[in-house]
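Here's the structure we're looking at; comments come further down.
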Amino acid sequence: MLDISHIPSQQQQTFTFYSVGAGIWQTWNKPRNAKFIEIFCLGGGAGGAISTVTAGSANGSVGGGSAGIVKGLIPAFLLPDTIYILVGKGGAGSTGNATNGGVGGISYIGLQPLISEQTLICKSSTTTASGNRTGATTSVVSLSAFGNLGLFTAVAGVDGSVAGSSTTQGASQAALATNITTGGAGGGGKTTLAFAAGGNITSASVILTSQVNGGVTDAQNGDSGYGTLIPFCGTGGAGGAGRQGASGAGGRGGDGWYGCGGGGVGGGTTATGTKGGNGGDGLVIITVIT
């Protein structure tokens, strides 16, 4: 008789954890007969910014950076029955003059509800995604003590796009160019006589087929990003258009999908009535192979 007692049956259970608030830990209990645990750990994206507002010529604003990702496989018998998960919040879009968007929270998985490396299995990145357009830096999994129990891959976040000058469109970026997430696109600039469009999130992919459009009319908002869970990928928010003239706010930046950056605001004369796009919340997915 063929002995297959040591080969996994490939039956799977999937558990998805969403952010329930900054600093709030959730628990996961290992099912009976679990043989391997697959982990997907994504942090929160950063919010889009608002640049300096002025009655004259004004630049648009930068998009927020996207989060880092850690993926791993661990033999289940090496883990305790309960582990703890903190899912990072997305950063809030800016609402103030010359202010960056909020940073995206790091996601953590550990043996205790602590962010100490001595108790962690992994964290989504080393630094947060920034509302000054910088993507989260690559997690150093070897520094998390219990990450050494498995095989892990870490991926850095993507920078948000730069802002448009007073006469130019906010910078765009392509979905699925280097990562499964994107930063937010930049907002367009403005003068007293003209406005510039917001940046887009473009796509030539058979998976993410729709472009996320920046604002193209005076002070028009950028569209929010979107994505899919299978296969997992998504986009940041597009940039807002500038506000022509000597009064009024630029277009709002679009919100980012999970782990993606928010779009930047279009140039304007006031920050009142507009907002950078919110960064997408993080996400943790645990798949059990029995």
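The values are calculated or read from the model by the stated rules, or taken from the named source; none is laboratory data. What you see is a predicted model, and the numbers here were worked out from it, not measured in a lab. So basically every Cβ, Gly included, is an ideal-geometry build from the backbone, and we count neighbours across all protein chains shown.
Here are the numbers for the structure shown:
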quantity	calculated
Residues of region 166-190 satisfying the condition of being closer than 13 Å to Ser51 by Cβ and at pLDDT below 95	Ser166
Region 257-288, residues that are assigned to a loop (DSSP other than H, G, I, E, B), of a type in the set (A, V, I, L, M) and buried (at least 24 other Cβ atoms within 10 Å of the Cβ)	Val265
Qualifying positions in region 103-116 - surrounded by fewer than 16 Cβ atoms within 10 Å (Cβ to Cβ) and under 18 Å from Thr137 (Cβ atoms)	Ile115
Given (1) assigned to a loop (DSSP other than H, G, I, E, B); (2) surrounded by fewer than 23 Cβ atoms within 10 Å (Cβ to Cβ); (3) in contact with a Ser or Thr (Cβ under 6 Å, 6 or more places away or on another chain), number of the condition Ser139 does not satisfy	(2)
Boolean, Thr138 is in contact (Cβ under 8 Å) with a residue 12 or more places away in the chain, farther than 30 Å from Asn213 by Cβ, of a type in the set (Val, Ile, Thr) and out of contact with any strand residue (DSSP E or B) (no Cβ under 6 Å at 6 or more places or on another chain)	no
Inter-residue pairs, beta-carbon under 7 Å, first farther than 22 Å from Ile285 by Cβ and in region 116-127, second at pLDDT below 95 and in a loop (DSSP other than H, G, I, E, B), 6+ apart	Glu117/Ser144
Selection count where residues are surrounded by fewer than 15 Cβ atoms within 10 Å (Cβ to Cβ) and under 24 Å from Gly234 (Cα atoms), scope region 142-162	1
Strands (runs of 3 or more DSSP E) wholly inside region 14-102 containing at least 3 residues that are at pLDDT 95 or above, in contact with a strand residue (DSSP E or B) (Cβ under 6 Å, 6 or more places away or on another chain) and crowded, with 19+ Cβ neighbours inside 10 Å	36-42, 69-75, 82-86
Number of positions in region 258-290 that are of a type outside the set (Gly, Ala, Ser), over 14 Å from the mean Cα position of the chain (by Cα) and within 27 Å of Ala136 (Cα to Cα)	6
Residues located in region 173-208, provided they are under 23 Å from Leu42 (Cα atoms), in a loop (DSSP other than H, G, I, E, B), in contact with a Ser or Thr (Cβ under 9 Å, 6 or more places away or on another chain) and among the hydroxyl-bearing types (Ser, Thr, Tyr)	Thr181, Thr182, Ser203
From Phe152, Phe146, residue being part of a strand (DSSP E or B) and in contact (Cβ under 8 Å) with a residue 12 or more places away in the chain	Phe152
Single residue of region 103-136 satisfying the filter (under 18 Å from Ile83 (Cα atoms), among the polar types (S, T, N, Q) and in a loop (DSSP other than H, G, I, E, B)) that is farthest from the chain's Cα centre (by Cα)	Gln112
Only listed residue being of a type in the set (Gly, Ala, Ser) and either in a strand (DSSP E or B) or over 22 Å from the mean Cα position of the chain (by Cα) (or both), chosen from Ser224, Ser165	Ser165
Per-region count, region 122-136, residues modelled with pLDDT under 95 and either surrounded by fewer than 24 Cβ atoms within 10 Å (Cβ to Cβ) or hydrophobic (A, V, I, L, M, F, W, C) (or both)	1
Some residue of region 252-268 being under 12 Å from Gly186 (Cα atoms), touching a Phe, Trp or Tyr at 6+ places or on another chain (Cβ under 9 Å) and in contact (Cβ under 8 Å) with a residue 40 or more places away in the chain	yes
